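Heads up, the thing below is written out as structure tokens.
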Amino acid sequence: MPNPLPDGQEILVHHGHFASGFRMDSLQMATDHYNIGITLQGHRRTITPTHSYTYKAGDVALVPPYMFHRTIAESDGPYQRIMIKFSPKFVEPFI
């Protein structure tokens, strides 16, 4: 399972740097947050039980809670992204 939001926190921003070829070992599911990923470097493929899509530097991807997903490398270079996690409670006023 992806790392949950810390107790009492409704939003978290993380800048991740990953080595060439980084991939998630298996399908994972966030149960307490949405993810917005902003790709800064590299090409990725996200796989879900019903869809698969590719994204690259400059693209933004959203994964809602309770969706199994896995990401794999589609390029040989390093992967860098900004991950913004936010709770369903945080987004309620915007829906």
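Can you name every residue in region 79-95 that is surrounded by 15 or more Cβ atoms within 10 Å (Cβ to Cβ) and not β-branched (Val, Ile, Thr)? Before you say what the answer is, go through the steps one by one.
Start the filter on region 79-95 by keeping residues that are surrounded by 15 or more Cβ atoms within 10 Å (Cβ to Cβ), which leaves 79-81, 83-87, 90.
Selection gives Tyr79, Gln80, Arg81, Met83, Lys85, Phe86, Ser87, Phe90.
Among the residues of region 48-72, how many are closer than 18 Å to Asp25 by Cα, aliphatic (A, V, I, L, M) and either assigned to a strand (DSSP E or B) or touching a residue at least 60 places away in the same chain (Cβ under 8 Å) (or both)?
2
Here are the criteria: (1) surrounded by 14 or more Cβ atoms within 10 Å (Cβ to Cβ); (2) touching a Lys or Arg at 6+ places or on another chain (Cβ under 7 Å); (3) β-branched (Val, Ile, Thr). Tell me which single one Thr54 does not satisfy.
Condition not satisfied by Thr54: (1).
Right, Phe18: open to solvent by less than 50 Å² (accessible area, probe 1.4 Å), out of contact with any Asp or Glu (no Cβ under 8 Å at 6 or more places or on another chain) and over 19 Å from Met67 (Cβ atoms) or not?
When the stated conditions are applied, Phe18 passes them.
Only residues that are within 12 Å of the chain's Cα centre (by Cα) and modelled with pLDDT under 95: list them for region 56-67, please.
Result: Ala61, Leu62, Val63, Pro64, Pro65, Met67.
Working carefully through the options Arg23, Arg45, find the one that is in a strand (DSSP E or B) and in contact (Cβ under 8 Å) with a residue 24 or more places away in the chain.
Arg45
Of (1) part of a loop (DSSP other than H, G, I, E, B); (2) exposed (fewer than 14 other Cβ atoms within 10 Å of the Cβ); (3) touching a residue at least 12 places away in the same chain (Cβ under 8 Å), Ser75 satisfies all except one. Which?
Ser75 satisfies every listed condition except (2).
The values are calculated or read from the model by the stated rules, or taken from the named source; none is laboratory data. Bear in mind that the values here come from a model prediction, so they are computed numbers and not experimental data. A quick note on method: Cβ atoms are made from the backbone with ideal geometry, for glycine too, and the neighbour counts reach across all protein chains shown. To get the accessible areas, we keep the full protein, side chains included, count just its heavy atoms, and leave off ligands, DNA and RNA. Shrake-Rupley method; radii C 1.70, N 1.55, O 1.52, S 1.80 Å.
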